[in-house]
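For reference, the structure discussed in these notes is given below.
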Amino acid sequence: MEDKLDRASGACFKLKYPELALAVESCLKGLLLSFCCDNYRDEQVLQSLMSRYFTSGRRPQINVCEFANQVYNVKGRAVHHPDFPTVLDALEISSPVVANCLIDMRGVERILLISSNSRAREIMQQQRPPANCREAFTAAGDQVFANRYYSSETDRARYLGGDVESEISQLEMEVSNKMAKLSHFQQRLQSIIEEIRINETQMKMKQMQKRKIQESMTKIKLEISDLENVEEPQSVDISTLEEEVQDIWHRIVSDRNKLEDARKDMDEHRKIVNEAEQRYKEVKEKINLIAEGADPIKDELNKIDTEVGKCKHHKRHYEEKRKEHLEGIDKLKENLESKEKVLEENIAKAKQIYAERLEVVRTPKSIDVEINRLRERISTEQERHGSKEEITRQYFDVLETYKNVKSQVKNLKKFMQLLDKIMEERHKAYKIFRRYISLRCKYYFDSMLSQRGYHGKMSFDHKNATLSIAVQPGEGDKAALSDMRSLSGGERSFSTVCFILSLWDTMESPFRCLDEFDVYMDMVNRRISMDMMLKVASSQRYRQFIFLTPQNMSSLPSSRLIRILRMHDPERGQTTLPFRARDQAEDSDD
């Protein structure tokens with residue numbers, strides 16, 4: 001059997017259109033560096049060779065396919081466009097094996113190469129794609145499908161570029177750019193190292209500040225814990241606050257009335273003081289006139305002085321009272337403003353729960369009890385099911401998971417429908433292929449029989465999985481087709497050989513064995529059968545044929561393709577087989 005091994009696929013073709021080099025590379029990708037082997041034995045040999053040179057990294061791809069001398073006929077399934085070629089049309093492929101491999105592995109006959117991106121979008125997406133067109137590639141290397149678009153990651157061809165000088169200049173330009181970037185990055189590295197040093201210094205300072213802040217936080221936490229241990233006064237409800245406001249308002253009104261009365265009294269006392277002062281002046285004038293008055297006048301003067309002192313004392317007393325009342329009014333106003341703010345905050349909080357204000361007849365104590373009970377229930381539910389934010393987050397997570405699973409199920413259903421359609425097409429193709437194989441086997445069987453002047457017929461019943469053979473050993477129509485059981489031993493053996501050869505022609509097995517096929521044949525049938533089998537074996541040198549026969553094969557023509565192994569005659573009365581050691585057998589063979 002002859003082993004075959006081809007070169008790398010990219011070395012077996014050339015571009016017809018150099019401007020489409022990037023598009024072809026984007027389409028073929030790893031197939032440019034892949035190798036084609038005829039069988040798996042060659043693949044193992046190539047793998048052993050690659051292991052010597054590719055000790056690490058990614059190895060080239062190896063494609064195993066039977067070598068053929070002709071390119072597949074793809075006219076019926078290829079894309080035909082008046083303006084743009086396919087990948088297969090844009091390549092000059094010297095090896096039919098590589099062409100067939102690209103057709104099988106990539107479907108290059110169904111991929112268009114379009115020069116501009118806008119034209120590619122117009123052909124593939126804005127209108128119905130051409131018949132048999134699966135995808136397209138632009139000159140910039142972008143991949144275009146009917147419903148999506150993928151941009152290329154590279155901007156020039158790496159392997160298929162024809163101009164070596166331009167490639168060298170491009171690489172030199174890239175090297176200079178890389179060196180410039182390297183120097184820039186080195187400068188940037190130095191600046192980053194300096195920034196790191198500055199940041200480390202600042203980090204140490206911040207750590208010291210952090211420790212100070214932590215110490216202050218610890219003190220504040222201790223103060224908070226002490227404050228938390230202090231019993232808080234029980235909060236009063238809104239109605240209680242309103243009652244207190246009303247009470248404070250009545251007190252303010254009463255204090256205002258008292259203030260007005262005090263002002264009136266102060267005005268009266270002020271008049272009295274003024275009158276007293278006027279009288280004091282008159283008396284003082286009389287005293288001045290009467291230098292030496294009588295004792296009654298002195299007593300009256302003393303009384304008047306006493307009255308004046310009392311009035312002054314009363315004046316100071318009422319002024320202090322007035323000041324105290326004014327201060328009380330200011331405090332009550334401040335308290336009223338704070339209570340009004342608390343009332344407004346509580347009303348705003350209540351409106352967040354319910355917009356309209358409800359008139360209740362329940363006591364504040366019962367409402368506080370219900371509020372505490374509802375708070376305990378809320379805390380219990382939060383401990384059991386988590387907080388509101390956690391439940392909402394879990395709900396949206398589950399909803400997102402549900403949508404993803406629903407989308408996946410939908411896509412799987414579409415994929416299953418596509419698989420069903422593909423299986424139907426494969427089953428139809430299988431039936432056609434089976435019918436062609438049956439026709440080929442019938443034709444080959446009849447041609448084999450005709451070499452002896454026989455006529456035969458094979459009937460395949462694929463539905464019931466049966467096969468019937470009828471052979472006519474006579475000439476022309478003198479004898480009717482008869483069943484195999486009615487033939488003689490030699491005719492049956494010859495027909496069987498023809499049947500086996502026809503089956504071999506439809507099978508793809510590397511080894512063919514046949515045992516004692518000519519036992520019941522006469523010399524003529526034996527000679528014809530042997531010639532036919534040798535002819536078939538010589539035409540299929542990539543397969544090995546083994547024939548076992550008790551007849552003497554010394555009359556066969558000598559050929560380097562034929563090897564005759566004659567076994568020793570068995571000894572009569574022998575009870576054991578004369579096996580020898582392997583070393584002795586090899587010495588005897590030598």
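The values are calculated or read from the model by the stated rules, or taken from the named source; none is laboratory data. What you see is a predicted model, and the numbers here were worked out from it, not measured in a lab. Here Cβ is always computed from backbone atoms with ideal geometry, including for glycine, and neighbour counts include all displayed protein chains. Accessible surface is based on the protein model in full, side chains and every heavy atom, while ligands, DNA and RNA are left aside. Shrake-Rupley method; radii C 1.70, N 1.55, O 1.52, S 1.80 Å.
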**OP:** Tell me which residues, restricted to region 24-72, are more than 22 Å from R106 (Cβ to Cβ) and β-branched (V, I, T).
**Re:** V45, T55
Original post:
For D255, are the conditions met, namely being closer than 30 Å to K333 by Cβ and modelled with pLDDT of 75 or more?
Top reply: no
Original post:
Looking at region 126-139, which of the residues that are in a strand (DSSP E or B) and not polar (S, T, N, Q) is nearest to P18 (Cα to Cα)?
Top reply: F137
Original post:
Only one residue in L343, L399 is among the hydrophobic types (A, V, I, L, M, F, W, C) and closer than 25 Å to Q246 by Cβ, so which one is that?
Top reply: L343
Original post:
Given the conditions (1) open to solvent by 20 Å² or more (accessible area, probe 1.4 Å); (2) free of Cβ contacts under 8 Å to residues at least 24 places away in the same chain; (3) not small (G, A, S), and given that M124 satisfies all but one, which numbered condition is not satisfied?
Top reply: (1)
Original post:
Quick one: how many residues across region 80-125 are under 26 Å from I62 (Cβ atoms) and assigned to a strand (DSSP E or B)?
Top reply: 5
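It is to be established whether one or more residues within region 82-101 are farther than 20 Å from L28 by Cβ and open to solvent by 80 Å² or more (accessible area, probe 1.4 Å).
Within region 82-101, the first condition is being farther than 20 Å from L28 by Cβ, and the residues that meet it are 82-83.
Restricting the remaining residues to those that are open to solvent by 80 Å² or more (accessible area, probe 1.4 Å) gives 82-83.
Yes, that holds for at least one residue.
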**OP:** Tell me, please, whether a residue that is loosely packed, with under 10 Cβ neighbours inside 10 Å, of a type in the set (S, T, N, Q) and not in a helix (DSSP H, G or I) can be found in region 140-155.
**Re:** yes
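Residues being open to solvent by less than 100 Å² (accessible area, probe 1.4 Å), more than 20 Å from L514 (Cα to Cα) and either at pLDDT 75 or above or not hydroxyl-bearing (S, T, Y) (or both): count how many of those fall in region 560-580.
3
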**OP:** Those residues that are touching a strand residue (DSSP E or B) at 6+ places or on another chain (Cβ under 7 Å) and not small (G, A, S), I need them from region 131-154; list them, please.
**Re:** C133, R134, E135, F137, T138, D142, Q143, V144, F145, Y150
Original post:
Inside region 104-119, can you point out the residues that are closer than 18 Å to L33 by Cβ and open to solvent by 10 Å² or more (accessible area, probe 1.4 Å)?
Top reply: D104, M105, R106
Original post:
Looking at region 53-79, which of the residues that are assigned to a loop (DSSP other than H, G, I, E, B), free of Cβ contacts under 8 Å to residues at least 60 places away in the same chain and aromatic (F, W, Y) is farthest from V144 (Cα to Cα)?
Top reply: F54
Subject >> All positions within region 341-365 that are of a type outside the set (A, V, I, L, M, F, W, C) and in contact with a helix residue (DSSP H, G or I) (Cβ under 9 Å, 6 or more places away or on another chain) >> reply: N346, R357, R362, T363, P364
Original post:
What residue, among those in region 1-43 that are among the hydrophobic types (A, V, I, L, M, F, W, C), at pLDDT below 85 and not in a helix (DSSP H, G or I), is nearest to I562 (Cα to Cα)?
Top reply: M1
Original post:
Which of the residues belonging to region 420-453 are open to solvent by less than 90 Å² (accessible area, probe 1.4 Å) and not in a helix (DSSP H, G or I)?
Top reply: R452, G453
Subject >> region 506-542, residues that are open to solvent by 60 Å² or more (accessible area, probe 1.4 Å), under 59 Å from the mean Cα position of the chain (by Cα) and either under 17 Å from L449 (Cα atoms) or not acidic (D, E) (or both) >> reply: M507, P510, F511, C513, S539, R541, Y542
Original post:
Pairs under 6 Å by beta carbon, first residue touching a residue at least 12 places away in the same chain (Cβ under 8 Å) in region 358-380, partner assigned to a helix (DSSP H, G or I), six or more apart or different chains?
Top reply: P364/S239; P364/T240
